[in-house]
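Inspection log for the structure reproduced underneath, given as structure tokens.
The values are calculated or read from the model by the stated rules, or taken from the named source; none is laboratory data. Just so it is clear, the structure is predicted and the values come from calculations on it, not from any experiment. Reconstructed Cβ throughout: ideal geometry from the backbone, glycine too, with neighbour counts over all protein chains shown. Note: areas computed on protein heavy atoms with side chains; ligands, DNA, RNA excluded. Shrake-Rupley method; radii C 1.70, N 1.55, O 1.52, S 1.80 Å.
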Amino acid sequence: MTSKITHQVLTSCIALVWFINGLFCKVLNFVPRHEQIVAAILGDAHAHIFTILIGISEIIMTIWILSGFKSRLNALVQIGVIATMNTLEFILVPDLLLWGKMNSLFAACLIVVIYINEFVIHEKVKSHVGIS
């Protein structure tokens, strides 16, 4: 598989992760555990609306990823959001996570994939095409 195809496939998969988590897990509430996590961290009073807003933000992230606009900044924002969110969950609500504290391992893997996709593979694609 060429670097360009690899980058496109990984970008699509990363976007799909954000889209599924945003729309299905949060906005449509197919995974109520997400709202429980928000309630445990931010309080019960507005957990439902905060969960929906987080889901909408994840859908917007999907659009940003697929647009390719400022992709390096996008990758850094994704890495920061994932690291922050998972650190908070690891400390505050590990009992509500699907794999408990092991969730941090999956988050770290996603961070590595995002980093490699943008700063290694995409850089290689841009250097072959002559894009700066």
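Which ranges mark the helices (runs of 4 or more DSSP H) fully within region 28-96 that have 3 or more residues being of a type in the set (Ser, Thr, Tyr)?
Correct list: 47-67, 71-92.
For residue 57, only one of the following conditions fails: (1) within 17 Å of the chain's Cα centre (by Cα); (2) within 22 Å of residue 5 (Cβ to Cβ); (3) surrounded by fewer than 17 Cβ atoms within 10 Å (Cβ to Cβ); (4) small (Gly, Ala, Ser). What is its number?
The failed condition is (2).
State all residues of region 33-50 that are of a type outside the set (Gly, Ala, Ser) and more than 14 Å from residue 20 (Cα to Cα); if no residue qualifies, say none. Write out each step before concluding.
At the first step, the residues of region 33-50 found to be of a type outside the set (Gly, Ala, Ser) are 33-38, 41-42, 44, 46, 48-50.
Answer for region 33-50, where residues must be of a type outside the set (Gly, Ala, Ser) and more than 14 Å from residue 20 (Cα to Cα): 33, 35, 36, 37, 38, 41, 42, 44, 46, 48, 49, 50.
Tally time: how many residues in region 97-132 are of a type in the set (S, T, N, Q), part of a helix (DSSP H, G or I) and open to solvent by 40 Å² or more (accessible area, probe 1.4 Å)? Break it down into steps so the answer makes sense when it comes.
To start, the set of residues in region 97-132 that are of a type in the set (S, T, N, Q) comprises 103-104, 117, 127, 132.
Filter once more, so that each one left must be part of a helix (DSSP H, G or I): 103-104, 117, 127.
The next check asks that each one be open to solvent by 40 Å² or more (accessible area, probe 1.4 Å); those that pass are 104, 127.
Final tally of qualifying residues: 2.
Looking only at region 82-96, count every residue that is of a type in the set (Val, Ile, Thr) and exposed (fewer than 15 other Cβ atoms within 10 Å of the Cβ) and tell me the total. Working first, answer last.
At the first step, the residues of region 82-96 found to be of a type in the set (Val, Ile, Thr) are 82, 84, 87, 91, 93.
Filter again for exposed (fewer than 15 other Cβ atoms within 10 Å of the Cβ), leaving 84, 87, 91.
Residues meeting the conditions: 3.
Take residue 72 and decide whether it is open to solvent by 40 Å² or more (accessible area, probe 1.4 Å) and over 24 Å from residue 3 (Cα atoms). Even if it seems obvious, please write down each step before you answer.
On the way: open to solvent by 40 Å² or more (accessible area, probe 1.4 Å): yes; over 24 Å from residue 3 (Cα atoms): no.
Criteria not met by residue 72.
Looking at 24, 30, 19, 50 in this structure, which one is under 19 Å from residue 82 (Cβ atoms), open to solvent by 60 Å² or more (accessible area, probe 1.4 Å), modelled with pLDDT of 95 or more and in contact with a Phe, Trp or Tyr (Cβ under 8 Å, 6 or more places away or on another chain)?
Details: 30 fails: under 19 Å from residue 82 (Cβ atoms); 19 fails: in contact with a Phe, Trp or Tyr (Cβ under 8 Å, 6 or more places away or on another chain); 50 fails: in contact with a Phe, Trp or Tyr (Cβ under 8 Å, 6 or more places away or on another chain).
24 is the lone residue from the list that is under 19 Å from residue 82 (Cβ atoms), open to solvent by 60 Å² or more (accessible area, probe 1.4 Å), modelled with pLDDT of 95 or more and in contact with a Phe, Trp or Tyr (Cβ under 8 Å, 6 or more places away or on another chain).
Counting only residues that are without any contact (Cβ under 8 Å) to a residue 24 or more places away in the chain and not hydrophobic (A, V, I, L, M, F, W, C), how many does region 1-11 have?
To start, the set of residues in region 1-11 that are without any contact (Cβ under 8 Å) to a residue 24 or more places away in the chain comprises 1-2, 5, 8-9.
Then drop every residue that is not not hydrophobic (A, V, I, L, M, F, W, C), which leaves 2, 8.
Number satisfying all stated conditions: 2.
When residues of region 17-45 are filtered for being over 19 Å from residue 119 (Cβ atoms) and in contact (Cβ under 8 Å) with a residue 40 or more places away in the chain, how many remain? Give the derivation first.
To start, the set of residues in region 17-45 that are over 19 Å from residue 119 (Cβ atoms) comprises 19-45.
The next check asks that each one be in contact (Cβ under 8 Å) with a residue 40 or more places away in the chain; those that pass are 19, 22, 33, 36-37, 40-41.
Residues in region 17-45 being over 19 Å from residue 119 (Cβ atoms) and in contact (Cβ under 8 Å) with a residue 40 or more places away in the chain: 7 in total.
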